[in-house]
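Values in this text are rule-based calculations from the coordinates and carry no lab data. Small disclaimer: the values here were computed from a predicted structure and weren't measured. Here the Cβ is made from the backbone with ideal geometry for all residues, glycine too, and neighbour counts use every protein chain on show.
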Amino acid sequence: MRVFVTGIDGFVGRHLAARLADDGHGVIGSSLSPGGAVQGAAEVVALDVTDAPATTRAIREAEPDAVVHLAGQTSVATAFEDPDATFQVNALGTLHVLEACREADAARVVVVSSSEVYGRREPEDGPVNESAPLAPITPYGTSKAAQDLLGHQYARGFGLPVIRVRAFPHTGPGQDPRFVFPSVARRIALAEAGAGPPTIRVGWLGAVRDLSDVRDVVGAYAALLERGQPGEAYNVCSGIGRTIGDALETLVGLAERPVTLERDEERLRPTEVEWIVGDPSKVEAATGWSPRIGWQETARDLLDDWRNRIGAEERQARV
């Protein structure tokens, strides 16, 4: 297939482009500000998905067999600070992409939403499946629920072959340090290099999350692109919950010098999903996919990525 990926030069987009190319697909994509080659992609075009005519033109000219829509504002914290911009790109941008796909008669469309659409869940309810109501409690989650519902409407109302993904938290090499796990990995690498303090300030550590490795996640996206049922929604998750604190302690345990975590009240959000664990049985049944990479391996690779980045920065500074 010829696959067009919006947001191809983002954290997930880069991993997905490489995976799709490895699977034998032709890959092209878009970026808000293209800044160089993306491994696996034959071409990257400039595109702001909040611009409807530009979105229609880009997808029409690409002549894709399938579209994976990743472009968006991906930070829960940023959405609290700027909900307007978040809704513009996540909701309105998705509308523009879906309408462009309808005009271009794309064979398959994958829209990537988020577990934040489920809002608060109780541990006694067990892992959440796709039949649970959408009940977001954050601006980010609400913007992703709008995205999810648009995908549903275009599939059921217009017959566009849309597959909706509800992605649970994921991390791995290449993620922006605005997010908690790469942020802590970066600070550990700085502390190891003697370029940062051994005390790392963090937010609330008690939240329970279903964490996956980005390399597993893009494998699920690739599988759903080929074998997902249009009109359906799929959780992409591990089915395993752990607290943020426990996950971070794994990173701390990999440090080559002593570091400690310290709670910072200023990093707390106005509202928080305390517990969310997903049920991956639907995606597993549809595609045969299941996660393969454990948290220990993800944490090690994430920390090694930041060690390499910090080392490269230090070498560059000496030139």
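Below is a table of values for the structure above.
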{"item": "Computed log₁₀ I(q)/I(0) - Debye formula, equal Cα scatterers, no solvent, region 135-264, q 0.13, 0.23 Å⁻¹", "result": "-0.68, -1.37"}
{"item": "Translational D in µm²/s for the chain (Stokes-Einstein at 10 °C, 1.306 mPa s, Kirkwood Rh from C-alpha pairs)", "result": "79 µm²/s"}
{"item": "Antiparallel DSSP beta bridges within the chain, percent to nearest 5", "result": "10 percent"}
{"item": "Proxy reagent accessibility, fewest Cβ within 10 Å first, across Lys282, Lys144", "result": "Lys282, Lys144"}
{"item": "In degrees, nearest ten, helix 295-318 long axis to first principal axis of the chain (Cα)", "result": "80 degrees"}
{"item": "Rounded to the nearest 20 debye, dipole of the chain from Cβ charges on Lys, Arg, Asp, Glu", "result": "280 debye"}
{"item": "Point-charge dipole on Cβ atoms (K/R +1, D/E -1) for region 1-89, about Cα centre, debye to 20", "result": "200 debye"}
{"item": "Exposure proxy ranking, count of Cβ atoms within 10 Å, fewest first, for Val45, Val89, Val117", "result": "Val45, Val89, Val117"}
{"item": "Estimated FRET transfer efficiency when R0 is 35 angstrom, pair Ser33-Asp264 (beta carbons, to 0.05)", "result": "0.65"}
{"item": "Distance between modelled label sites at Glu297 and Asp82, nm, 7 Å Cα→Cβ extension", "result": "3.7 nm"}
{"item": "Value at 222 nm in deg cm²/dmol, rounded to 500, when DSSP H runs of n ≥ 4 in the chain each add -39,500 (n - 2.57)", "result": "-13000 deg cm²/dmol"}
{"item": "Using alpha-carbon coordinates, inclination of helix 52-62 to the longest axis of the chain, degrees", "result": "80 degrees"}
{"item": "Inter-label distance, nm, simple model (7 Å from Cα along the C-beta direction), Ala52/Glu103", "result": "0.9 nm"}
{"item": "C-alpha long axis of helix 139-158 to longest principal axis of the chain, angle in °", "result": "20 degrees"}
